[in-house]
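Read the structure below first, then the notes.
The values are calculated or read from the model by the stated rules, or taken from the named source; none is laboratory data. Bear in mind that the values here come from a model prediction, so they are computed numbers and not experimental data. Every residue, glycine as well, gets a Cβ built from its backbone with ideal geometry; the counts of neighbours run over all protein chains shown.
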Amino acid sequence: MSRDAAGRSLLVGLAVAMVATAVASIRFGAIDFPLHEMWSSTVAAASGRVPDTLDGRIFTELRLPRAVLCLLVGASLGVGGALMQGLFRNPIVEPGLVGTSSGAAFGAALYFVLGTVLHFPAGTWALTLSACLGGIVSTTMVFALAQTGSGGRSSIVMLLLTGLAVNALFLSGIGFLSYIARDPQARSIVFWNLGTLSGANWSAVRVVGLTTIGGTLVALRYAKALNALMIGEEEAEALGVNVTRLKWAVLSVNVVIVAVATAYTGVISFVGLIVPHILRMMRGADNRFLLVGSAVLGATLLSLADVVARVSLRPAELPIGIVTSVVGVPVFLSLLRRRQYVF
Amino acid sequence: MVAAHHLTYRAGGRALVDDVSATFEPGRLHLIVGPNGAGKSTFVRLLARLIRPHEGQVTYDGADVRGAAERVLARRRAVLSQAVEIAFPLTVREVVMMGRYPHFGGRAAPVDEDICDAVMAYFDVTDLGNRSYPTLSGGEKQRVNFARVLAQVWRPAGAGARILFLDEPLTFLDISHQLDFMRKVTSFTAAPDVVAIGVVHDLGLAARFADHILMIDEGRLVASGPAASVLTRDHIRAVFDVDPIFLPDPQGRGTHLVYE
């Protein structure tokens with residue numbers, strides 16, 4: 001079987017796994033829905049009828065959007081991870097590396113602390129907006145600083161180190177805000193920093209759906225150029241890639257998809273890091289395969305994590321970020337020990 | 001033909017390349033020699049338009065390359081750089097196929113696959129096709145990159161010349177592979193539309209294989225021409241600070257260079 005064909009059948013397999021996980025994620029939770037009820041409720045929801053039972057409303061207004069949002073956020077994190085690892089030519093990079101998630105988390109913390117004082121209009125929208133702005137501000141800061149530091153042309157190493165510094169700055173900002181926050185706000189900051197999908201609704205699905213699908217389509221146009229970048233910046237330039245344009249496109253896509261996803265769900269770590277790793281071990285590093293695969297596998301893994309988060313402490317739930325870290329850290333460490341990569 | 005017109009490139013307040021003009025005709029192998037830090041690599045990167053000069057211009061077949069689109073340029077100009085390290089598990093064939101990237105859109109066409117087969121056979125890396133690039137030895141990596149770079153300019157590029165840049169291509173190669181590589185470059189350069197421009201350290205190899213040698217020191221062109229007129233005792237003493245001894249070949253094939 002040719003490599004392309006092997007890649008395609010692997011993608012089909014991953015897609016089947018994603019659908020199965022999505023069904024499980026809709027079925028299990030604080031209450032379980034039998035399959036026939038899931039089907040009739042989905043049909044009812046699709047035809048626009050408002051369900052008349054409490055269970056029906058839980059299904060269409062909580063469970064279903066949560067499952068879809070989870071798929072979208074997982075896909076965003078997977079694609080963001082593949083993009084950042086490709087751009088930094090380094091397999092141990094996370095989508096948050098250029099400051100996006102810590103900035104978004106800081107924006108959210110700022111909202112929790114100041115929101116009650118300043119009375120922002122429109123509850124969850126203000127949180128989303130504040131987190132999104134935080135992500136964009138921190139990422140812009142990383143770029144502006146990396147640019148001025150290296151004589152106009154921002155080198156990858158400069159970006160990486162500046163990202164570390166700016167991340168540290170925003171994390172200490174979050175620390176300060178939680179320190180001065182009163183109790184319910186401090187708890188909100190903590191919970192949000194651990195990641196949660198409990199705020200999912202259909203408007204979140206629409207916004208995240210737009211950025212995830214749009215961002216992934218744009219990213220796919222740069223897949224070949226990202227492949228060329230694997231052998232070096234000047235080498236990619238010699239192969240006909242406009243490296244400056246590539247960097248800007250990839251970073252913009254990453255900021256948009258990661259900041260928006262983080263704005264709705266909080267900080268969810270390790271998904272963006274391990275998803276591209278697993279796929280490279282299964283099939284290789286070609287970004288034309290890796291970007292699509294990372295979207296599908298990211299969606300699958302985050303849905304699995306969400307099922308675990310909801311089922312393990314029923315009727316309460318764990319923050320999903322705890323689940324992804326507990327599962328992600330050992331997986332990551334075992335990947336490192338295989339020494340397949342040159343660092 | 002490739003031409004440099006009064007090229008100057010500065011970094012850190014110093015001119016790395018200082019007002020250099022030169023022409024490079026097709027069908028010939030042009031080798032650049034000079035001590036460490038002389039500006040050889042910078043000069044080659046300027047000619048390949050990987051960096052832009054502060055003054056002067058580079059032309060390919062008379063046309064200024066300044067505004068040329070990256071991809072259009074890449075269909076006729078390939079660059080072999082010093083050491084290519086990849087942190088990801090790409091296969092050798094995937095790396096070689098990158099040489100065809102400027103020539104196809106989404107997926108490789110049959111002609112790209114054929115060219116890949118041909119260059120891999122030419123550089124004796126066909127058996128490594130499914131190996132993961134990071135697991136190769138230094139010499140194997142270098143041969144894979146030769147194959148990739150030649151895949152880029154394997155077929156004539158329409159009207160203009162095909163241009164091959166080689167920045168210290170012999171690093172990591174043992175003596176037999178060095179000679180083998182120089183012979184392959186020479187035979188590739190025999191095509192009437194190929195301009196090959198390289199940087200080498202070994203003056204003996206340069207004397208043996210080059211049609212045209214340029215000697216560079218402190219960013220300036222010291223001498224340019226056939227080996228006999230460039231690699232003279234005076235030039236070598238002035239630029240490299242060593243005393244050369246020219247020994248006649250016992251079989252009458254030119255002379256050998258040794259140093260005191």
Practice prompt. Hey, can you tell me all the residues within the stretch A:29-84 that are aromatic (Phe, Trp, Tyr) and in contact (Cβ under 8 Å) with a residue 12 or more places away in the chain?
Written response: A:PHE33, A:PHE59
Worksheet item: What number of residues within the stretch B:154-179 are assigned to a loop (DSSP other than H, G, I, E, B) and either among the polar types (S, T, N, Q) or over 13 Å from the mean Cα position of the chain (by Cα) (or both)?
Response: 12
Fill in: Residue among A:GLY163, A:GLY173 that alone is closer than 30 Å to B:PRO134 by Cα, more than 14 Å from chain B (Cβ to nearest Cβ) and in a helix (DSSP H, G or I)
A:GLY163
Worksheet item: Counting only residues that are within 10 Å of A:THR196 (Cα to Cα) and modelled with pLDDT under 85, how many does the stretch A:312-325 have?
Response: 1
Discussion item. Take the conditions loosely packed, with under 14 Cβ neighbours inside 10 Å and closer than 22 Å to A:GLY209 by Cβ and apply them to A:VAL16. Does it pass?
Written reply: yes
Worksheet item: In this structure, is B:VAL144 aliphatic (A, V, I, L, M) and farther than 29 Å from B:LEU31 by Cα?
Response: no
Discussion item. If I filter the stretch A:266-281 down to residues being buried (at least 24 other Cβ atoms within 10 Å of the Cβ) and under 9 Å from the mean Cα position of the chain (by Cα), which single residue comes out as nearest to the other protein chains (Cβ to nearest Cβ)?
Written reply: A:GLY272
Response to the item:
All-but-one check, A:GLY199 against (1) under 22 Å from B:GLU94 (Cα atoms); (2) at pLDDT below 90, failing number (1)
Fill in: A:GLY284 in contact with an Asp or Glu (Cβ under 8 Å, 6 or more places away or on another chain), in contact (Cβ under 8 Å) with a residue 12 or more places away in the chain, under 20 Å from A:PHE332 (Cβ atoms) and within 14 Å of chain B (Cβ to nearest Cβ)
yes
Worksheet item: Which residue, of B:ALA196, B:ALA238, is of a type in the set (Gly, Ala, Ser) and either in contact (Cβ under 8 Å) with a residue 60 or more places away in the chain or touching a Phe, Trp or Tyr at 6+ places or on another chain (Cβ under 9 Å) (or both)?
Response: B:ALA196
Worksheet item: Can you find a residue in the stretch B:94-102 that is within 13 Å of chain A (Cβ to nearest Cβ), charged (D, E, K, R) and not in a helix (DSSP H, G or I)?
Response: no
Worksheet entry | Residue satisfying all of: in the stretch A:1-59; assigned to a helix (DSSP H, G or I) and within 14 Å of another protein chain (Cβ to nearest Cβ); farthest from A:ALA200 (Cα to Cα) among these | A:ARG3
Worksheet item: Can you name every residue in the stretch B:2-60 that is on the phi > 0 side of the Ramachandran plot, not charged (D, E, K, R) and not in a strand (DSSP E or B)?
Response: B:GLY12, B:GLY13, B:GLY27, B:GLY34, B:GLY37, B:GLY39
Item to complete: Would you point out the residue of the stretch B:71-92, among those that are more than 22 Å from B:SER137 (Cβ to Cβ) and charged (D, E, K, R), that is farthest from the other protein chains (Cβ to nearest Cβ)?
Response: B:ARG76
Practice prompt. Mind telling me which of the residues A:ALA309, A:ALA299, A:ALA295, A:ALA305 ends up being at pLDDT below 90 and small (Gly, Ala, Ser)?
Written response: A:ALA309
Item to complete: Could you tell me which of the residues B:GLU113, B:GLU140 is of a type in the set (Asp, Glu), assigned to a helix (DSSP H, G or I) and surrounded by 14 or more Cβ atoms within 10 Å (Cβ to Cβ)?
Response: B:GLU140
Practice prompt. From (1) away from chain A (no Cβ under 12 Å); (2) farther than 30 Å from B:ALA4 by Cβ; (3) among the basic types (Lys, Arg), pick out the condition that doesn't hold for B:ARG66.
Written response: (2)
Fill in: Selection status of B:PRO169, more than 11 Å from chain A (Cβ to nearest Cβ), crowded, with 20+ Cβ neighbours inside 10 Å and modelled with pLDDT under 95
yes
Discussion item. Any residue that is of a type in the set (S, T, N, Q) and closer than 25 Å to A:ASN242 by Cβ - is there at least one of those in the stretch B:17-28?
Written reply: no
Worksheet item: Pick from A:VAL243, A:VAL307, A:VAL260, A:VAL250: which is in contact (Cβ under 8 Å) with a residue 12 or more places away in the chain, of a type outside the set (Lys, Arg) and buried (at least 24 other Cβ atoms within 10 Å of the Cβ)?
Response: A:VAL260
Item to complete: Output the number of residues of the stretch B:197-243 satisfying the condition of being aliphatic (A, V, I, L, M), assigned to a loop (DSSP other than H, G, I, E, B) and more than 16 Å from B:GLY39 (Cα to Cα).
Response: 3
Practice prompt. Return the total of residues in the stretch B:1-60 being aliphatic (A, V, I, L, M) and either without any contact (Cβ under 8 Å) to a residue 60 or more places away in the chain or loosely packed, with under 15 Cβ neighbours inside 10 Å (or both).
Written response: 9
Worksheet item: So, of the residues in the stretch B:138-149 that are over 14 Å from the mean Cα position of the chain (by Cα) and within 13 Å of chain A (Cβ to nearest Cβ), which turns out to be farthest from B:VAL194 (Cα to Cα)?
Response: B:GLY138
